[in-house]
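Engineer: The following block contains the structure, expressed as structure tokens.
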């Protein structure tokens, strides 16, 4: 057990790659169509979205804190949905319940949205509850989202066609779901929080390093550094507290779990961290830019822990999916992040299907290590 008695669970390891491959093949058989893709594509009625402020020649969605000075983000992850597949019902019901209980201001899905054909219909069905409730949402794709009958760019076009989606395209860099969002004061319009979405991609692209999960590439990191530098400059040289959301954890996630002395953990660790073997340096860039203080990921279905290491929070979402894939951490659910205007910290908890609440912590106050 790691972290000197902190609530951490390490279960027996499984061959996740073999399990997922077998599950996907099973899930693609016997499917029926319940919503026609063309009908869904015609849903173009817009609703209130954040302003897309144009600053320094760039447009990005700018959210506002509510009248109570709060802003709530719901993180969904690993829904692995297949349209018409009975094993997917649990994921769809979970999404609906999480939205109705938490009533978030923004939903961020950190990937592996779908897990079979037809990919377009699957994506539209699992995201439709968000559309129906008129909640803005963004998606950072996972490694499985391009594995079926749609390419990664085609999947982004599908997602962006849905009312309420706030993804923007950053052309000329690796991946497709790279974008920045901001949260500002409604009184002063001052940006108080930046949210970066990264595409952590699918698999290794370096010839001599095969069989590893995707990594965030140098041009993506350069894009982030440029964005961060601009936000800091416009804020009088003071970095703006920021979050990063993506699917596949960094190598530093794994390193943090191995450091019993300098880390503090809360939550469930049910498997080893499945990070890429390639370390492209995103963590170091975040530390150099001095803005990102929390990284939210998915990918490892049996983990929902948060760990504080080198003054960075590495935080897993709660598995939001179904029985098309391995999942020993039951019931499914979602992670919630609540921000308060003027507060550099944040409040986060895990909401479980059925309504129970776990890991209700204030960050960083509740992560001071016991003496």
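The values are calculated or read from the model by the stated rules, or taken from the named source; none is laboratory data. Just so it is clear, the structure is predicted and the values come from calculations on it, not from any experiment. Cβ: placed from backbone, ideal geometry, glycine included. Neighbour counts: every protein chain shown.
Engineer: Those residues that are touching a strand residue (DSSP E or B) at 6+ places or on another chain (Cβ under 8 Å) and closer than 19 Å to residue 202 by Cα, I need them from the range 123-154; list them, please.
Structural biologist: 123, 138, 139, 140, 143, 144, 145, 148
Engineer: Residues of the range 201-215 being over 18 Å from the mean Cα position of the chain (by Cα) and on the phi > 0 side of the Ramachandran plot, which ones?
Structural biologist: Listed by number, the list holds a single entry, 211.
Engineer: May I ask you to list pairs of residues, at least six apart or on different chains, whose Cβ atoms are under 9 Å apart, with the first in the range 292-308 being at positive phi and touching a residue at least 60 places away in the same chain (Cβ under 8 Å) and the second being crowded, with 24+ Cβ neighbours inside 10 Å and in a strand (DSSP E or B)?
Structural biologist: Here the result reads 299/316, each pair linking the range 292-308 to a residue that is crowded, with 24+ Cβ neighbours inside 10 Å and in a strand (DSSP E or B).
Engineer: While we're here: Given the criteria crowded, with 23+ Cβ neighbours inside 10 Å, more than 26 Å from residue 226 (Cβ to Cβ) and at pLDDT 95 or above, does residue 353 qualify? Can you show your working first?
Structural biologist: On the way: crowded, with 23+ Cβ neighbours inside 10 Å: no; more than 26 Å from residue 226 (Cβ to Cβ): yes; at pLDDT 95 or above: yes.
Spelling it out, it is not the case that residue 353 is crowded, with 23+ Cβ neighbours inside 10 Å, more than 26 Å from residue 226 (Cβ to Cβ) and at pLDDT 95 or above.
Engineer: Now for a separate question. Report yes if residue 282 is modelled with pLDDT of 95 or more, farther than 22 Å from residue 63 by Cα, buried (at least 23 other Cβ atoms within 10 Å of the Cβ) and in contact with a strand residue (DSSP E or B) (Cβ under 9 Å, 6 or more places away or on another chain), otherwise no. Can you show your working first?
Structural biologist: On the way: modelled with pLDDT of 95 or more: yes; farther than 22 Å from residue 63 by Cα: yes; buried (at least 23 other Cβ atoms within 10 Å of the Cβ): yes; in contact with a strand residue (DSSP E or B) (Cβ under 9 Å, 6 or more places away or on another chain): yes.
Answer is yes for this residue.
Engineer: If I ask for residues that are part of a strand (DSSP E or B) and surrounded by fewer than 21 Cβ atoms within 10 Å (Cβ to Cβ), which ones from the range 325-350 would you list? Working first, answer last.
Structural biologist: Keep residues of the range 325-350 that are part of a strand (DSSP E or B), which gives 333-340, 346-350.
Selection gives 338, 340, 347, 349.
Engineer: Give the residue, chosen from 135, 191, 173, that is surrounded by fewer than 24 Cβ atoms within 10 Å (Cβ to Cβ), touching a helix residue (DSSP H, G or I) at 6+ places or on another chain (Cβ under 6 Å) and more than 13 Å from residue 246 (Cα to Cα). If you could, list the steps in order and put the result at the bottom.
Structural biologist: Numbers: 135 fails: touching a helix residue (DSSP H, G or I) at 6+ places or on another chain (Cβ under 6 Å); 191 fails: touching a helix residue (DSSP H, G or I) at 6+ places or on another chain (Cβ under 6 Å).
Every option except 173 fails the conditions.
Engineer: Hey, among 198, 231, 218, which residue is more than 18 Å from the chain's Cα centre (by Cα) and buried (at least 21 other Cβ atoms within 10 Å of the Cβ)? Break it down into steps so the answer makes sense when it comes.
Structural biologist: Details: 198 fails: more than 18 Å from the chain's Cα centre (by Cα); 218 fails: buried (at least 21 other Cβ atoms within 10 Å of the Cβ).
None of the others qualify; the one that does is 231.
Engineer: Could you list, in sequence order, all residues of the range 142-165 that are touching a helix residue (DSSP H, G or I) at 6+ places or on another chain (Cβ under 9 Å), modelled with pLDDT of 95 or more and either more than 19 Å from residue 182 (Cβ to Cβ) or part of a loop (DSSP other than H, G, I, E, B) (or both)?
Structural biologist: Of the residues in the range 142-165, the ones touching a helix residue (DSSP H, G or I) at 6+ places or on another chain (Cβ under 9 Å) are 144-150, 154-155, 158-159, 161-165.
Then keep just the ones that are modelled with pLDDT of 95 or more; that gives 154, 158-159, 161-165.
Those that are touching a helix residue (DSSP H, G or I) at 6+ places or on another chain (Cβ under 9 Å), modelled with pLDDT of 95 or more and either more than 19 Å from residue 182 (Cβ to Cβ) or part of a loop (DSSP other than H, G, I, E, B) (or both): 154, 158, 159, 161, 162, 163, 164.
This table checks each residue for (1) under 21 Å from residue 166 (Cα atoms); (2) in contact with a strand residue (DSSP E or B) (Cβ under 8 Å, 6 or more places away or on another chain); (3) modelled with pLDDT of 95 or more.
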| residue | (1), (2), (3) |
| --- | --- |
| 187 | no, no, no |
| 219 | no, no, yes |
| 224 | yes, yes, yes |
| 228 | yes, yes, yes |
| 238 | no, no, yes |
| 242 | yes, yes, yes |
| 245 | yes, yes, yes |
| 249 | no, yes, yes |
| 275 | no, yes, no |
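Engineer: Now for a different question. Of all residues in the range 68-106, which are in contact (Cβ under 8 Å) with a residue 60 or more places away in the chain, surrounded by fewer than 18 Cβ atoms within 10 Å (Cβ to Cβ) and in a loop (DSSP other than H, G, I, E, B)?
Structural biologist: Correct list: 69 only.
Engineer: Collect the residues in the range 255-271 that are within 12 Å of residue 314 (Cβ to Cβ) and under 18 Å from the mean Cα position of the chain (by Cα), keeping them in residue-number order.
Structural biologist: Passing the criteria: 267, 269.
Engineer: Out of curiosity, is residue 111 modelled with pLDDT under 95 and closer than 24 Å to residue 72 by Cβ?
Structural biologist: Numbers: modelled with pLDDT under 95: yes; closer than 24 Å to residue 72 by Cβ: yes.
Answer is yes for this residue.
Engineer: If I ask for residues that are assigned to a loop (DSSP other than H, G, I, E, B) and buried (at least 23 other Cβ atoms within 10 Å of the Cβ), which ones from the range 303-324 would you list? First the steps, then the outcome.
Structural biologist: Looking only at the range 303-324, we keep the residues that are assigned to a loop (DSSP other than H, G, I, E, B), and these are 304-305, 310-311, 317-324.
Correct list: 304, 305, 317, 318, 319, 320, 321, 322, 324.
Engineer: Are any of the residues in the range 173-181 assigned to a helix (DSSP H, G or I), free of Cβ contacts under 8 Å to residues at least 60 places away in the same chain and under 18 Å from the mean Cα position of the chain (by Cα)? Break it down stepwise before answering.
Structural biologist: Step one: of the range 173-181, the residues assigned to a helix (DSSP H, G or I) are none.
No: the range 173-181 contains no residue that is assigned to a helix (DSSP H, G or I), free of Cβ contacts under 8 Å to residues at least 60 places away in the same chain and under 18 Å from the mean Cα position of the chain (by Cα).
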